[in-house]
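Novice: My questions all concern the structure below.
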Amino acid sequence: FFQGRQISFAKVFQLVLLILGFFSLLPQRTYIFTFLLSSRVFIHPHELLAKVGQICIKQKQQLETGTEAEKAKLKSFAAKIIQLLKEWTETFPYDFQDEKSMKELKEIAHRITQCDEVGVVKKIISQMTQNLLMALSARSQYQEIREKFRQPVTDKGTILKTKPQSTQKDILSVCCDPLILAQQLTYIELERVSNIYPEDLMQIVSHMDSLDNHKCRGDVTKTYNLEAYDNWFNCLSMLVATEICRIVKKKQRTRMVEFFIDVARECFNIGNFNSMMAIISGMNLSPVARLKKTWSKVKTAKFDVLEHHMDPSSNFCNYRTALQGAAQRSQTANSNREKIVIPVFNLFIKDIYFLHKIHTNRLPNGQINFKKFWEISRQIHDFLTWKQVECPFEKDKKIQSYLLTAPIYSEEALFIASFESEGPENHMEKDSWKTLR
């Protein structure tokens, strides 16, 4: 199927019938999900939907002769089309934000309801349409507020450093329990992850695909949700660095470093690997890492364990082992607390990207490399399963407000604060400090 750059109606007709035929042979949702996810690399969703509509017309014409046997076949065909549309609208609701797709959906729904004599299909389609509109509305609202997500500010560290230490509010004044803070970070993570959809993730493939000449989903949907989530990771890293560098007294600064180490450890125990990585990244930023007098007072055994888990050697082998363990725990868990799995998002994205780059879209005979897309869809399906876990922790508005709105320093401001806490120790640092001043 899909041989060459242009897709003929006959091929799409065969493919859609294949989907409908597979209903009785394979786990329906798994196969439909893989097909709908990967098809957008080769054809626009609204174009595929239009082909489904044409198939409905053709099948209706062929079976509409009035015999009981053909009426039964028509009802069976209608039921399969409804199931396909139901899976489509529930899993990929954003495909229907396009006016063309919504128009095609309504036309198909109208044709299918004509095959129903008792009105059952009409009720199912009505409920399906209502759920779709609600999903589109919720996503639209999220996109409206995405611009409000905090961006790193460019405040100079010296501005806050001139204030008396007692008047400065820090994270410890809001939450001094590492477990509680880790739970609130997990709450934020799950909230952010819930707004990432499979078609967002498929942008990694469709937007970068160079094997097909025509435009795919990459020119229709931008990766707003992926960027917003990535921005959260960066903000958390910078917040950690800011909280450490802004403290004047070494003893208090040491306490702050040890506090964040404990928070990262609790995140690991929960299964929140993304926050854990963000915290470690923040503490490994140069303005923090250079504070040798501070680190000499820190009990680093716990930090060494965390860095071992995030060791990049052998393609993050240690992290992947820990992630696999968390995933297995999630599968057999009885409580939402044990089901939590939040992978390091940047690594997850890179895995999808490299799967796409290493394997071709088509086999030597011109057919679709279905094995490639099956593996990509498997990984994305795992991510979607994890994101559906309901957060077991109660929201603390005070703590979350601080995490999401507290001022964070720019890289330049971090270096200024770092040098003011512990002066430059070598010629390179002295030159940097001179330039900053």
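Novice: Check region 308-322 and report whether any residue there is part of a helix (DSSP H, G or I) and among the basic types (K, R).
Specialist: yes
Novice: What's the number of the only condition in (1) open to solvent by 30 Å² or more (accessible area, probe 1.4 Å); (2) free of Cβ contacts under 8 Å to residues at least 60 places away in the same chain that W374 fails to meet?
Specialist: It is condition (2) that W374 fails.
Novice: I've got another one for you. For region 359-410, which residues satisfy the criterion of being of a type in the set (A, V, I, L, M) and at pLDDT below 90?
Specialist: Correct list: L363, I368.
Novice: Anything in region 238-251 that is open to solvent by less than 10 Å² (accessible area, probe 1.4 Å) and either in contact with a Phe, Trp or Tyr (Cβ under 9 Å, 6 or more places away or on another chain) or part of a helix (DSSP H, G or I) (or both)? List them, or say none.
Specialist: Result: L239, V240, A241, T242, E243, I244, C245.
Novice: Okay, next question. Please specify each residue of region 344-361 satisfying the condition of being in contact with a Phe, Trp or Tyr (Cβ under 8 Å, 6 or more places away or on another chain), open to solvent by 40 Å² or more (accessible area, probe 1.4 Å) and either farther than 20 Å from C317 by Cα or assigned to a loop (DSSP other than H, G, I, E, B) (or both).
Specialist: Residues satisfying the conditions do not exist here.
Novice: While we're on this one: Confirm whether I124 is assigned to a helix (DSSP H, G or I), of a type outside the set (K, R), open to solvent by less than 50 Å² (accessible area, probe 1.4 Å) and touching a helix residue (DSSP H, G or I) at 6+ places or on another chain (Cβ under 7 Å).
Specialist: Criteria not met by I124.
Novice: Here's something else I'd like to know. Residue pairs, Cβ under 6 Å, 6 or more apart or interchain, first in region 217-230 and over 16 Å from L190 (Cα atoms), second outside any helix (DSSP H, G or I) and modelled with pLDDT of 55 or more. List them.
Specialist: R217/R40; G218/H207
Novice: Would you call T254 under 18 Å from C176 (Cα atoms), in the same structural domain as L179 (by the TED database) and open to solvent by 10 Å² or more (accessible area, probe 1.4 Å)?
Specialist: Taking the combined requirement at face value, the residue satisfies it.
The values are calculated or read from the model by the stated rules, or taken from the named source; none is laboratory data. As the structure is a prediction and not an experimental result, all values here were calculated from the model. All Cβ positions, glycine included, derive from the backbone under ideal geometry; neighbour counts span all protein chains shown. Ligands, DNA and RNA are excluded from the accessible area calculation, which covers all protein heavy atoms including side chains. Shrake-Rupley method; radii C 1.70, N 1.55, O 1.52, S 1.80 Å.
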